[in-house]
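Some notes on the structure that comes next.
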Amino acid sequence: MDPRPIGMFDSGVGGLTVLHECLVSHPHEDFIYLGDTGRFPYGPRSSEEIRAFAFQIASHLLLLDVKLLVVACNSATAAALPWLQEMLSASIIGAVHPEAEAAAQTTRNRRVGILATEATVASGSYERSLLNLDAGLGVFSQPCPKLASMIQSGDVSSPEMVETVKGYAAPLKQAGVDTVILGCTHYPLVTPMLQRVFGRGVTLVNSAEEIAREVGEVLERREIGNDPAREGKYSFLCTGDVDTFVEVGARFLQMPFENVQRVDTAELERIGVA
Ligand code: DGL
């Protein structure tokens with residue numbers, strides 16, 4: 001048994017989709033979630049820059065004595081996960097591979113679409129993961145430069161949002177995919193709209209569920225789960241404005257959103273890059 005919390009981070013509120021799945025799947029665990037809202041979005045940034053941010057945040061959370069670190073951001077996973085795992089002596093898990101596995105198992109026509117940030121698409125991480133699982137898959141990637149920012153702004157039901165989603169979905173529909181990976185942790189926040197645009201025949205694979213499953217596997221395999229009789233707590237850190245983070249975060253998490261503290265990016269930047 002290990003009573004220490006699990007650390008988790010994203011560039012903003014997207015990783016709350018992962019946190020929510022984890023709160024449901026692992027109710028006796030404590031979580032510390034860091035949203036790097038002061039440096040959001042990561043999608044248009046270079047992999048070097050995202051990697052530096054990921055290293056700073058991971059190091060900061062490890063100083064808070066987390067027992068497991070979850071990179072709840074696909075852009076950070078694509079840019080930094082294997083490197084973080086090599087650099088830091090901690091258990092670190094992330095997105096991409098778990099959803100790729102679920103998508104490869106789900107597709108019937110072997111045509112898989114990916115919606116993701118520019119950084120994630122440019123990294124080629126999903127293609128590599130999917131083709132390693134099944135070299136015969138047709139993989140169609142669609143960068144969505146505006147989507148995460150529109151979601152993070154909190155206005156997710158505007159006509160402009162519907163048009164944006166339709167525009168990103170069109171090439172994947174054209175390609176005849178039957179499975180679409182929501183390759184950014186922000187995107188499950190607009191699942192109802194995405195499902196209507198793609199239609200019932202397309203399965204949307206959600207990174208949050210897959211990551212929560214992997215967290216469970218790691219807790220069990222390493223025997224680091226918390227006391228199953230207790231109820232877990234959760235708290236937040238953010239690098240941007242606290243009030244905005246609480247307002248948007250509470251709307252998406254739909255659960256009490258308390259214990260929020262600000263971390264200065266200057267403090268994170270002092271950690272430097274390995
Ligand atoms: N939620 C982040 C991801 O999963 C991305 C949003 C962004 O910072 O551009 O990639």
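The values are calculated or read from the model by the stated rules, or taken from the named source; none is laboratory data. Computed from a prediction, not measured in an experiment: that's the story for all the values here. Heads up, the Cβs are rebuilt from the backbone with ideal geometry, glycines too, and the neighbour counts pull from every protein chain shown. What goes into the accessible areas is simple: the full protein's heavy atoms, side chains included, and nothing from ligands, DNA or RNA. Shrake-Rupley method; radii C 1.70, N 1.55, O 1.52, S 1.80 Å.
Here Val190, Val215, Val177 are screened, and the one residue that is open to solvent by less than 40 Å² (accessible area, probe 1.4 Å) and at pLDDT below 95 is Val190.
Return the residues of region 178-204 that are under 24 Å from Met255 (Cβ atoms) and touching a residue at least 24 places away in the same chain (Cβ under 8 Å); say none if nothing qualifies. Walk me through how you get there before you give the answer.
The initial filter retains those residues of region 178-204 that are under 24 Å from Met255 (Cβ atoms), namely 182, 184-195, 204.
Scanning region 178-204 gives Leu182, Cys184, Thr185, His186, Tyr187, Pro188, Leu189, Val190, Met193, Leu194, Leu204.
Scanning region 52-70 turns up at least one residue that is open to solvent by 10 Å² or more (accessible area, probe 1.4 Å), within 15 Å of the ligand (Cβ to nearest atom) and hydrophobic (A, V, I, L, M, F, W, C). Checked against (1) farther than 23 Å from Tyr234 by Cβ; (2) open to solvent by 50 Å² or more (accessible area, probe 1.4 Å); (3) free of Cβ contacts under 8 Å to residues at least 40 places away in the same chain, Glu101 passes all but condition (3).
For region 42-50, the criterion of a residue being under 22 Å from Ala250 (Cα atoms) and within 16 Å of the ligand (Cβ to nearest atom) is satisfied by at least one position. Checked against (1) more than 30 Å from Val260 (Cα to Cα); (2) open to solvent by 10 Å² or more (accessible area, probe 1.4 Å); (3) away from the ligand (no atom under 16 Å from the Cβ); (4) not β-branched (Val, Ile, Thr), Leu204 meets all criteria but (3).
Of all residues in region 141-155, none satisfies being more than 16 Å from the ligand (Cβ to nearest atom) and surrounded by 15 or more Cβ atoms within 10 Å (Cβ to Cβ).
Is it the case, given these coordinates, that Met255 is under 19 Å from Gly35 (Cα atoms) and either open to solvent by 10 Å² or more (accessible area, probe 1.4 Å) or touching a Lys or Arg at 6+ places or on another chain (Cβ under 9 Å) (or both)?
Numbers: under 19 Å from Gly35 (Cα atoms): yes; either open to solvent by 10 Å² or more (accessible area, probe 1.4 Å) or touching a Lys or Arg at 6+ places or on another chain (Cβ under 9 Å) (or both): yes.
Answer is yes for this residue.
Collect the residues in region 202-244 that are small (Gly, Ala, Ser) and within 20 Å of the chain's Cα centre (by Cα), keeping them in residue-number order.
First, the residues of region 202-244 that are small (Gly, Ala, Ser): 207-208, 212, 216, 225, 229, 232, 235, 240.
Once the filter is applied, which keeps residues that are small (Gly, Ala, Ser) and within 20 Å of the chain's Cα centre (by Cα), region 202-244 yields Ser207, Ala208, Ala212, Gly216, Ser235, Gly240.
Condition check for Ile32 on (1) of a type in the set (Val, Ile, Thr); (2) open to solvent by less than 10 Å² (accessible area, probe 1.4 Å); (3) farther than 30 Å from Lys166 by Cβ: one failure, at (2).
So which residues in region 82-98 are without any contact (Cβ under 8 Å) to a residue 24 or more places away in the chain and under 18 Å from Glu214 (Cα atoms)?
Step one: filter region 82-98 for residues without any contact (Cβ under 8 Å) to a residue 24 or more places away in the chain, giving 82, 85-86, 89.
Listed by number, the residues that qualify are Pro82, Gln85.
State yes or no: is Pro171 more than 30 Å from Arg4 (Cα to Cα), of a type outside the set (Val, Ile, Thr), in a helix (DSSP H, G or I) and in contact with a strand residue (DSSP E or B) (Cβ under 7 Å, 6 or more places away or on another chain)? Spell out the reasoning first.
Numbers: more than 30 Å from Arg4 (Cα to Cα): yes; of a type outside the set (Val, Ile, Thr): yes; in a helix (DSSP H, G or I): yes; in contact with a strand residue (DSSP E or B) (Cβ under 7 Å, 6 or more places away or on another chain): yes.
So Pro171 passes the test.
Inclusion of Arg4 among residues that are more than 9 Å from the ligand (Cβ to nearest atom), open to solvent by 40 Å² or more (accessible area, probe 1.4 Å) and either of a type outside the set (A, V, I, L, M, F, W, C) or farther than 22 Å from Val246 by Cα (or both) is warranted.
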